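Inspection log for the structure reproduced underneath, given as structure tokens.
The values are calculated or read from the model by the stated rules, or taken from the named source; none is laboratory data. For clarity, every value in this text was computed on a predicted model and none was experimentally measured. We place every Cβ from the backbone using ideal geometry, glycine too, and count neighbours over all the protein chains shown. Surface accessibility is based on the protein's heavy atoms, side chains included, excluding ligands, DNA and RNA. Shrake-Rupley method; radii C 1.70, N 1.55, O 1.52, S 1.80 Å.
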Amino acid sequence: MKQDDVEPDVDVLIRRRIRGLRTARGWSLESLAARCFMSPSTLSRIETGHRRIAVDQLVTLARALGTSLDALVEPPDGDDVVIRPEPEETPGRTTWVLSRESQGVTVVKMRITPEFDPGDEPRVHPGSDWFTVLTGTATLRLGDHTHVIAAGEAAEFSTMVPHAITAPDGPIEIVSIFDRDGERAHLHEN
């Protein structure tokens, strides 16, 4: 594929991003144009492709729209958008990573059975965890307290408090969101 074949698609994408970000904020052409110190007709021609976009205009537009120049001009990702998680199994727990590693948070689905042994010492690490119960009833030991979280409910807590999630009454399925510290502590256990 020649470079000329790619550029028009990226150009159209940039214009759509500008218009999409503007309308998502509820701004008129006049409102965004005023923030960028350009006329509404110039902005309209940029959005519709009737005017080439100058680099200095892109910088100003990105700043006014609250995004980075990189995010505004990055080409479409050719990678597959479908994540095909591979299960990682330990006795009593199966984990599927549902997100890509580069997002700053990790989303996982876990199936925990009564056979899962979190150990004698609940975990403590920097950060926070969040999970929601899809099926079953989870038991969250958090410090000296025990919380029962039913299907459809969620829990969010500081991971500086000793914690463990178990399934004493039968299998559970949960979706968890870990920050970087939680991801390291829960998914890279020794």
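For the reader, a short list of remarks on this structure follows.
- Global geometry of the chain, whether rounded, prolate or oblate, following the gyration tensor of its Cα atoms and the 1.5 cut on a/c: prolate
- The packing ranking of peptides 104-114, 20-30, 135-145, highest mean first, is 104-114, 135-145, 20-30, where packing means the average number of other beta carbon atoms within 10 angstrom of each residue.
- Taking the Cα centre of the chain as origin and assigning +1 to Lys and Arg Cβ atoms and -1 to Asp and Glu Cβ atoms, the resulting dipole is close to 1300 debye.
- Phi angles across the stretch 104-109 convert, under the Karplus curve 6.51 cos²θ - 1.76 cosθ + 1.60 with θ = phi - 60°, into 3J(HN,Hα) values of x, 10, 10, 9, 9, 10 Hz, Gly and Pro given as x.
- The chain: angle of helix 55-65 to the longest principal axis, Cα-based, in degrees nearest 10: 50 degrees
- Rounded to the nearest 0.05, the FRET efficiency derived from the C-beta distance between residue 35 and residue 139 at R0 = 45 Å is 0.30.
- Degrees between helix 3-24 axis and first principal axis of the chain (Cα, 0 to 90, nearest 10): 80 degrees
- A 1.4 Å probe, protein heavy atoms only, puts the accessible area of residue 81 near 120 Å².
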